[in-house]
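Notes follow once the structure below has been shown.
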Ligand SMILES: [Zn+2]
Ligand SMILES: [Zn+2]
């Protein structure tokens, strides 16, 4: 009896307090749902039986896991992964790729889950899975006066694309994305070892020129350049006579990114990604020249360059392209459709 009464009280509480607040679109809505769900479901249990899709998310900042409904989770991903000032169609494209990425990782669908946190479908570390942030964090980030407008647009981007994903041959696509390509995206087969999906090819992008990373120059003192390689087991002489950098590109991709470079004398070969990390550059698309005591790197783009260019998506939207056109541009040959049902054999490779 007591149990029945408390159930009634709970229903009343939901009807009187939570529902109106949720409908009014208050800030704490998606964080609050997260708390309710994390308390209500046993650990590690993901399901799609109740009309929603529950994901187990490892919150990297809090170092704890919580369960979230997919569509609520996506609001936090779009807010964290893309500037809220972007055009609505770009935000919609971001919502679709983030949904595809999450479902493909989901262990209940045969995905690998988060590689750093076993038991979680995804974590909130952008270098491992995809970024996600609490509403309160977005509120701090967004300028006062714009916050409710931005939140409403992000919610609209997620809700108006509800359930939509990108597929290739009836399987969830590998929906990778990056900030700025700098003129042409990169084929997955060039960016990473392995074959690469047929829809992750290099495509021209003239739409991301409003990104501050489109073209960039970074000057580095030659002493810092030499010091960047000190972590190497065998210290290589990396500067020749007259402080000429002993660095040579031995392989470039179709998009112009450096795939292999030879450093030092005698030379040792490095991948473009290794060299980018050593030097702290925004992408593997770089050239250099010496000016006085500095080496000046000219770079194009920001990120690995594979899949959707986020600034490019915004540029396409500004020119009147819809989110489906945006997705079809960056992932050639994919279909934008409702997510295949659970158990249909879509797995992460
Ligand atoms: Zn992760
Ligand atoms: Zn681009």
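Based on other C-beta atoms within 10 Å, arrange 109, 252, 155, 268 from fewest to most.
Least crowded to most crowded, the residues run 268, 252, 155, 109.
Students often get this wrong: which residues of the range 266-300 have the backbone nitrogen under 16 Å from the point 7 angstrom along Cα-to-C-beta of residue 193?
269-275
Give me 230, 92, 146, 134 ranked fewest to most by other Cβ atoms within 10 Å of their Cβ, as a rough exposure proxy.
Fewest-to-most ranking of 230, 92, 146, 134: 230, 146, 134, 92.
On a C-alpha basis, how far is the centre of the range 154-170 from the centre of the range 228-306 in Å? Whole number, if you could?
Here the answer is 39 Å between Cα centres.
If each residue's Cβ is checked for other Cβ atoms within 10 Å, how do 168, 297 rank with the fewest at the top?
With the sparsest Cβ surroundings first, the list reads 168, 297.
Every number here is computed from the coordinates shown, using simple stated rules; none is lab data. All values reported here derive from a predicted model rather than from experimental measurement. Because the Cβ atoms are built from the backbone with ideal geometry, glycine has one as well, and the counts that use them run over all protein chains shown.
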